[in-house]
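Heads up, the thing below is written out as structure tokens.
The values are calculated or read from the model by the stated rules, or taken from the named source; none is laboratory data. Predicted, not measured: the structure shown is a model, and the values here were computed from it. Neighbour counts are summed over all protein chains in view; Cβ atoms, including those assigned to glycine, are modelled from backbone coordinates with ideal geometry.
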Amino acid sequence: MLDLKFVRENLPAVEEALRRRRAPASLGGFADLDRKRRDLLVKVEALRAERNAASEEIGRLRREKKDASGLMQQMKEVAARIKEMEAGLPEAERQMEEALLNIPNIPDPSVPEGAGEEDNAVVRTWGTPGAFSFPVRDHVDIGAALDILDFDRAAKIAGARFCLSKGAGALLERALINFMLDVHTREHGYMEVLPPFLANSASFFGTGQLPKFEEDLFRVAGTDYFLVPTAEVPVTNIVRDEILPADSLPLKMTAYTPCFRAEAGSYGKDVRGMIRQHQFNKVELVKVCRPEDSWRELEALTADAEDILKRLGLPYRVVTLCTADLGFSSAKTYDLEVWLPSQKRYREISSCSNFTDFQARRAKIRYRDDASGKTRLAHTLNGSGLAAGRTVVAVLENFQQEDGSVVIPEPLRPYMGGMDRIVKR
RNA sequence: GGAGAGGUGGCCGAGUCGGCUGAAGGCAACCGCCUGCUAAGCGGUUGUACGGGUAAAACCGUACCGAGGGUUCGAAUCCCUCCCUCUCCGCCA
């Protein structure tokens, strides 16, 4: 959420940001709405002031055992008028709130303007896609041949867009998760947290998934609970409604969670395999920091996620999402894209974003500034480090051998009982 | 699921028969004084949001004592609904 005063005073800039994002939402009514709301507020507050003064006077008179019935009679009328005027306030405020909640974050000036994926800017590329001397298979075929991925039975159990990992496949994903968590906690300085996998609506408002994107979520029927689509939601909300001591910043947390996404509107997209699932595993990185540090922290967080890919030896590139591709709450996002030999292209495996104070304002995540003693909104960031399911895909595809086996990257072997290769049992 | 207790400012904690409580007291923090230094001691300051006001302040107003509604001239205090936390019992991984 943007600051109301900021929007009011910078309407053209906000409209320009919307235009850059290709978000057609018009702010035409905003100024009027704001004006109307404030006019009403001023009138109501004046009446309340009158009532408060009179009430105090009545209290004084009664203590002095004097007659106050006249004043009380008068105030009865004022009270009625207040009630009448107040009636319009909630609606005016609701409209303002709604308008404000639906304005996305303002893209950082360094974000390239663009209309879609094709306008994302490649920042750097690491590694070289392997050359294969045999016909490359995709992870679905590899997984079926090795009997480690079973999409048919997953469909029986749950439906489309679910996966069942078995044997070395399940072990591989668990190893990846443990490896990622260990690197981030022991070497990158993150604190591991294991949060609830369901969160209430207040948390989803805090990080910006609600009210706009409810259709992307799974809701537990008849409750206020939603399945988390990313650990960002429970982890960032750890500090919702809190004033943090300045010396506790930056807060760096990492969490493994499954992620649940409705994938509404993605029919026909990535239907094959485990690229796009209703449920997938992910290790997330979350930071809460001072505003002046957030851009530096974004670079560091992105590097932490990249480190996993490097250690696994997976070729990847980093792109800056263009304005149209940028998420609602984000001011700037780097996507990490891993090379998939079967698709002969790079696919998203991590998304690292600086939300500036956008989430912090919604979630009331603040800290006390040492110098001024005042509370200030913190900045929040997060990034995948990494999406485990897609990492499994990348490992299977990039390290497949002609004989159908898959070589396990060195760093994962200790997590897999020394296994260095997945072969057909 | 059953029974009970409770939700007040950065934290702890008091609020009497509704008015003088934005809220005692304490802690913490900050600024002075004192001190060779530190500690102790003494004096003072310190909530948030919105609106008005200002060049910016000062300042003024309104709201906020879990959330929402009600009673009243006036509610942290009374009534209703809901949410959450804790304790005990039951059930259970």
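Quick notes
- Residue check for A:A31: over 15 Å from A:E93 (Cβ atoms) and either hydroxyl-bearing (S, T, Y) or near RNA strand B (Cβ under 8 Å from one of its atoms) (or both): no
- Those residues of segment A:44-89 which are in contact (Cβ under 8 Å) with a residue 12 or more places away in the chain, within 6 Å of RNA strand B (Cβ to nearest atom) and closer than 30 Å to A:L33 by Cβ, in sequence order: A:R48, A:R51, A:A79
- Enumeration of residues in segment A:271-288 that are in a loop (DSSP other than H, G, I, E, B) and at pLDDT 90 or above: A:R272, A:G273, A:M274, A:I275, A:R276, A:Q277, A:H278
- Test for A:T375: is it crowded, with 24+ Cβ neighbours inside 10 Å, in contact with a strand residue (DSSP E or B) (Cβ under 9 Å, 6 or more places away or on another chain) and among the β-branched types (V, I, T): no
- On the stretch given as segment A:301-344, residues that are small (G, A, S) and within 18 Å of the chain's Cα centre (by Cα) total 6.
- Looking only at segment A:9-28, and only at residues there that are within 15 Å of RNA strand B (Cβ to nearest atom) and free of Cβ contacts under 8 Å to residues at least 12 places away in the same chain, the one that is farthest from A:R81 (Cα to Cα): A:N10
- Among the residues making up segment A:220-255, those that are outside any loop (DSSP other than H, G, I, E, B) and surrounded by fewer than 21 Cβ atoms within 10 Å (Cβ to Cβ) are A:Y225, A:L227, A:I238, A:E242, A:I243, A:L244, A:P245, A:A246, A:D247, A:S248, A:L251.
- From A:T356, A:T375, residue being assigned by TED's automatic domain parsing to the domain that holds A:P234 and away from RNA strand B (no atom under 16 Å from the Cβ): A:T356
- Checking A:Y256, A:Y267 one by one, the residue that is at pLDDT 90 or above, within 22 Å of A:L164 (Cα to Cα) and out of contact with any Phe, Trp or Tyr (no Cβ under 8 Å at 6 or more places or on another chain) is A:Y256 and no other.
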